[in-house]
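Have a look at the structure below, then the notes.
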Amino acid sequence: QVHLVESGGDLVQPGGSLRLSCAASGGTFSIYRMGWYRRVLRDQRELVARISSDGTTNYADSVKGRFTISRDNAKNMVYLQMNSLKPEDTAVYYCNARSVGNIYWGQGTQVTVSS
C-alpha cells in the first residue's frame with residue numbers, strides 16, 4: 001500500500017509560479033511511475049505530467065514548456081514545477097503512483113490562478 005500526500009497548492013496570480021510536492025510512503029517508490037493529474041470535471045481527471053522509474057517524462061500539450069515534473073527517489077518525493085500559470089490551470093491537482101496491477105491516489109491540493 002502506497003500513501004501519497006500532496007502539498008503546495010495555493011492562490012496565485014496569472015503568470016506566477018507554484019511548486020507542488022508529493023510525499024510517498026509505503027511500497028518501493030523507485031519502481032512506480034509517478035504522475036500529476038488535475039480534475040477538470042466532477043468525476044474526470046486529466047493527465048498533467050508523468051515520470052517513469054527511468055526518468056522518462058510526458059506532458060499534456062496544454063502544459064508543455066511551462067510545467068516540469070521531477071522525482072527524488074532517495075526522498076520518495078515527486079514534484080511539479082508550474083510556471084507561467086494561467087486561469088485555466090485552476091484545478092485540484094492529484095498525485096498518482098502506478099505499477100503493474102496497482103494504482104494509488106493522493107487527496108489532492110487546490111491550485112487557483114486568479115487576479
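Convex hull volume of the Cα atoms of the chain, normalised per residue: 94 Å³.
Once the Cα-Cα distance is subtracted from the 0.36 nm per residue extended length, the Ser30 to Thr57 segment shows a gain of 8.3 nm.
Candidates Ser52, Val2, Pro14 compared by Cα position along the dipole of region 1-58: farthest toward the positive end lies Pro14, with charges placed on Cβ. Computed from the C-beta positions of Ala74 and Asn102, the FRET efficiency with R₀ = 25 Å rounds to 0.70. Net charge in the neighbourhood of Gly106 (other residues with Cβ under 13 Å of its Cβ; Lys, Arg +1, Asp, Glu -1) is +3. Taken as Cα centroids, region 1-61 and region 79-106 sit 3 Å apart, rounded to the nearest whole angstrom.
The apolar share of the surface of the chain, taken as the fraction of accessible area on carbon and sulfur atoms (1.4 Å probe, ligands and nucleic acids excluded), comes to 44 percent. Note on Ser7 and Asn83: the extension gain reaches 25.7 nm, defined as 0.36 nm multiplied by sequence separation minus the Cα-Cα distance.
Approximating the spin labels as points 7 Å out from Cα along Cα→Cβ, the Arg42-to-Ala23 distance works out to 3.4 nm. Restricting region 1-83 to trypsin sites (Lys or Arg not before Pro) that sit in a DSSP loop and have at most 12 other Cβ atoms within 10 Å of their own Cβ leaves Arg42, Lys64, Lys75.
The values are calculated or read from the model by the stated rules, or taken from the named source; none is laboratory data. Note that the structure is predicted; figures quoted are calculated from it, not measured. FYI the Cβ positions are ideal-geometry reconstructions off the backbone, even for glycines, and counts take in every protein chain you see. Protein only, heavy atoms only, side chains kept; ligands, DNA and RNA dropped before computing areas. Shrake-Rupley method; radii C 1.70, N 1.55, O 1.52, S 1.80 Å.
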